[in-house]
Amino acid sequence: MILNQALYVVLLSGVFFLLSKLFPAIKIRSFIAALGVAVVYSVLNYLLSWFIGGVFKTLTIFIFFIAWFFTSFVVNTVIIYLTDKLMDSFEIENFSWTAITAGVITVSSFALHKVLGI
């Protein structure tokens, strides 16, 4: 395990050093300096990746929920519009009310699916 970690750091320092040779914007003075960069990077990665990863995973879940809601909202808006056009006994006066209805239906549908387990 420790040998694998040491090998990882050495190989990672090689990657950093190679990047410094390929890209002028990355400057590392020597392979020893690249080794230091790899050690500092590895320690920071070990200490902080759980926190930074947790923040981004939380944001990703939030973004996923917003995308899901928006998609469901658009689909529900189209379906409500079509329902309005197909039925004489159902009428929504304008697009604003169609959108409001779609928003309420989207949230209600989500809640009902959670409560009923369907």
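Quick look at the values:
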| read-out | value |
| --- | --- |
| Cut-off 17 Å, label 7 Å out along Cα→Cβ of F62, residues of segment 99-118 by amide N | none |
| Label-point separation in nm, V15 to D88, each point 7 Å along Cα→Cβ | 7.0 |
| Distance cut-off 23 Å, percentage of C-alpha pairs in segment 35-118 lying past it | 50 |
| Helical contribution to [θ] at 222 nm, DSSP H n ≥ 4, -39,500 (n - 2.57), averaged over the chain, rounded to 500 | -30500 deg cm²/dmol |
| Low-density loop positions, trypsin sites (Lys or Arg not before Pro), segment 8-73 - DSSP coil, at most 15 other Cβ in 10 Å | K27, R29 |
| Segment 1-116, relative contact order [Cα under 8 Å, separation at least 6], % | 17 |
| Approximate spin-label separation I26-F110, in nm, with each point projected 7 Å along Cα-to-Cβ | 4.1 |
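Each reported figure results from applying straightforward, stated rules to the coordinates on display, with no laboratory input. Quantities reported herein were computed from a predicted structural model and do not represent experimental measurements. Here Cβ is always computed from backbone atoms with ideal geometry, including for glycine, and neighbour counts include all displayed protein chains.
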